[in-house]
Amino acid sequence: RYRGLTLVLTFLCYTSYHLSRKPISIVKSQLHPNCSALGPNPRNDSNSTVWCSWAPFDGDNYKELFGALDNAFLVAYAIGMFISGIFGERLPLRYYLSGGMVLSGLFTMLFGLGYFWDIHVLWYFIVVQACNGLVQTTGWPSVVTCVGNWFGKGKRGLIMGIWNSHTSVGNILGSLIAGVWVSSSWGLSFVVPGIIIAAMGVICFFFLVEYPEDVGCSPPLHHTASDEDFPGGVTCTEKDPEAIISNEGPLSISGQSNMDHSNSPKDPAEELEAISFLGALQIPGVVEFSLCLLFAKLVSYTFLYWLPLYIVNIAHFGAKEAGDLSTLFDVGGILGGIFAGLISDYAGGRATTCCVMLVIAAPMLFLYNRVGQNGIGTSIAMLIVCGALVNGPYALITTAVSADLGTHESLKGNAKALSTVTAIIDGTGSVGAALGPLLAGLISPTGWNNVFYMLIAADILACLLLARVVVKEVRGWCGYMARKRGYVR
């Protein structure tokens, strides 16, 4: 029951994070719409063709200003993420997460209140976006750490693949909620999501359980010979059978918790010190997956922030219709995350799964740009396929891979690395998330074809950065198959 509560609650928490990030991509087309399509200019004293635009986004440089807005959030997010993981290891996660959500709601609402307060200065929107980016770094390390505290490695890829659909669900809900008011009162497209995430922060404060030991449950086994027989590994019994089969030695968390502290559960923070930043970097695979995520997230966030505007410009849909259609990319992301988790669990190769999906994603992006707008059916199919291939590796790295590396064998049972490792991986990825929309804003005036060439190049680089880990996995498979067939004794 507690594991189910943790999954559902962290799912809803991070859904609200992405729900509050999505409105800016929907509202962009309303801040600088095609005024001539709205009829004659009601301002008889002006012949301006941008009479319906919202200053300061009414100039010819509006795409660059949109890029500045995106980067105010994303650069602050990338910088803050490296710091956030360190705080997440050392502060109560419940306070840290719920406080960050309430502040995220406040800054999201402040952006929308600029509409009602009739604010037309760029610095206001940039400062609000930067502050929002900083406080939103409280989310990802906290929720991954909570889930990692409750679930072992056995079915982690599938469980976290399904759980990670909160990203796409949040994007979809954010698009739909923002779309309700985007044409009539775009300020509410921010205010309502801001209220939702703040309310979820209050719920998180009262109901989140950080550690199994807090409620008399034993922690999961992350690395044992019996992972297949005991996936997940959490039981709420006083004598956990998994503690008997654990062969992790004297540093086994499960063994300590059940044999020495079964009657008085102890916070893990009292037993093991949090890992340092440099110590986390030395865990095998952290650097490779971090750099891969940089380019994978570059592609994903470019779609997150620019896809509705691309659809408006190329397919000539309205702002609401483009926002609704863009949600199909996130539907594909849900399917891709689940598929990537399932395959990586079955095959035992996280890096290889990511690499294969990235290789296939490159030609699919090219096809979407060429034929994706030829018909509504083709557009729907291509958006779902591209969403699955782009977001599948991104989802796998930020969830199962981060949890695997945060509980790596080299840590000898110390789970106080989860938040730091997750922050390093996602923080590096967030650098790409900041670069993607910025490059899109700079390149899009030269043509959308060039934007897609940039995305394809990023996909290929992401794949190449995993080459060493893929080779290691393939050699492991070959050795396993040789032993299984009796060629090696």
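Average projection, convex hull of the Cα set of segment 333-489: 11.6 square nanometres. Between ALA457 and SER185, the modelled labels are 4.5 nm apart [label points 7 Å from Cα along Cα→Cβ]. Once you keep just the Cα pairs under 8 angstrom separated by 6 or more residues, what percentage relative contact order results for segment 295-451? Result for segment 295-451 is 35 percent. Converting phi to 3J(HN,Hα) with the Karplus coefficients 6.51, -1.76 and 1.60 and the offset θ = phi - 60°, segment 288-302 yields 4, 5, 5, 5, 4, 5, 3, 7, 5, 6, 4, 5, 4, 6, 5 Hz in sequence order, with x at every glycine or proline. The packing ranking, built from the mean of other Cβ atoms within 10 Å per residue, places the peptides 131-144, 301-314, 469-482, 1-14 in the order 131-144, 301-314, 1-14, 469-482, highest first. A simple rule links phi to the HN-Hα coupling: the Karplus curve 6.51 cos²θ - 1.76 cosθ + 1.60 with θ = phi - 60°, which for segment 208-213 gives 6, 10, 6, 10, x, 4 Hz, with x for Gly and Pro. Accessible surface for MET109 stands near 50 Å², nearest 10, in the context of the full protein assembly shown (1.4 Å probe). Packing, as the average of other Cβ atoms within 10 Å across residues, places the peptides 322-333, 83-94, 425-436 in the order 425-436, 322-333, 83-94, highest first. For segment 288-389, the dipole from Cβ point charges (+1 on Lys and Arg, -1 on Asp and Glu) about the Cα centre works out to 140 debye, to the nearest 20. Full extension of the chain between VAL121 and VAL287 yields a length gain of 55.7 nm, computed as 0.36 nm times the residue separation minus the alpha carbon distance.
The value for segment 308-379 of Rg(Cα) / (2.2 N^0.38 Å) is 1.34. Scoring 64-77, 357-370, 390-403 by mean Cβ neighbours within 10 Å over their residues and listing the highest first yields 390-403, 64-77, 357-370. With viscosity 1.306 mPa s and temperature 10 °C, the Kirkwood radius over alpha carbon pairs of segment 81-159 converts through Stokes-Einstein to a diffusion coefficient of 111 µm²/s.
The values are calculated or read from the model by the stated rules, or taken from the named source; none is laboratory data. Bear in mind that the values here come from a model prediction, so they are computed numbers and not experimental data. Glycine also receives a Cβ, built like all others from the backbone with ideal geometry; neighbour counts cover every protein chain displayed. SASA here: full protein model, heavy atoms, side chains in, ligands and nucleic acids out. Shrake-Rupley method; radii C 1.70, N 1.55, O 1.52, S 1.80 Å.
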